[in-house]
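Written out below as structure tokens is the structure these notes cover.
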Amino acid sequence: MKYLLTLSAALLICLSSGTSFAQKKFAPQKSKINRTKQATYYWAGVLQKQGVTAYQYGTHVLKGESLSAELNEPETIFALKAGKKINLNKFVGKKVIITGKKVNGYPLELGPELIEVSAIELDKVVKINMN
């Protein structure tokens, strides 16, 4: 009887610790992503295939402006990189709006900012000259 009681207690301890382990292992984890690094920005301009450059990063360039910055900033060049799901080649030579985030550590010396593209669409806004 003493043996059966000891075995039952040991089995109960094993089952309770196994349940605790399973809850820790498979419980949803809280996101450890710093939200300030995930800030999304917008850029507009003409997309171009990147040629030979001194800075050697990015696959395409956007000649345009940041829509998230202050108004009246001069037009500039941004280097772009995109994942496999986004085909930037389909938009070469077209006016587009880019959604993405700035890559930390860029720009490098004499290079433009590097933008990681998360979405791209044609710029359908038509500017009308009222003069």
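The values are calculated or read from the model by the stated rules, or taken from the named source; none is laboratory data. Not measured: the values here are computed from a predicted model. Every residue, glycine as well, gets a Cβ built from its backbone with ideal geometry; the counts of neighbours run over all protein chains shown.
Residues in segment 51-86 that are more than 20 Å from the chain's Cα centre (by Cα) and under 20 Å from Glu109 (Cβ atoms): Gly51, Val52, Thr53, Ala54, Tyr55, Gln56, Thr76. The condition of being under 23 Å from Asp123 (Cβ atoms), modelled with pLDDT under 80 and of a type outside the set (Gly, Ala, Ser) holds for only one of Glu65, Glu73, that being Glu73.
Matching residues to (1) acidic (Asp, Glu); (2) out of contact with any Lys or Arg (no Cβ under 9 Å at 6 or more places or on another chain); (3) under 18 Å from Ser68 (Cα atoms):
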position: Lys94; (1), (2), (3): no, yes, no
position: Thr99; (1), (2), (3): no, yes, yes
position: Lys102; (1), (2), (3): no, yes, yes
position: Ile115; (1), (2), (3): no, no, yes
position: Ala119; (1), (2), (3): no, yes, yes
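Of all the residues in segment 55-76, those that are in contact (Cβ under 8 Å) with a residue 12 or more places away in the chain and either assigned to a loop (DSSP other than H, G, I, E, B) or crowded, with 17+ Cβ neighbours inside 10 Å (or both) number 13. Number of residues in segment 77-101 that are without any contact (Cβ under 8 Å) to a residue 40 or more places away in the chain and either over 17 Å from Leu114 (Cβ atoms) or of a type in the set (Val, Ile, Thr) (or both) equals 6.
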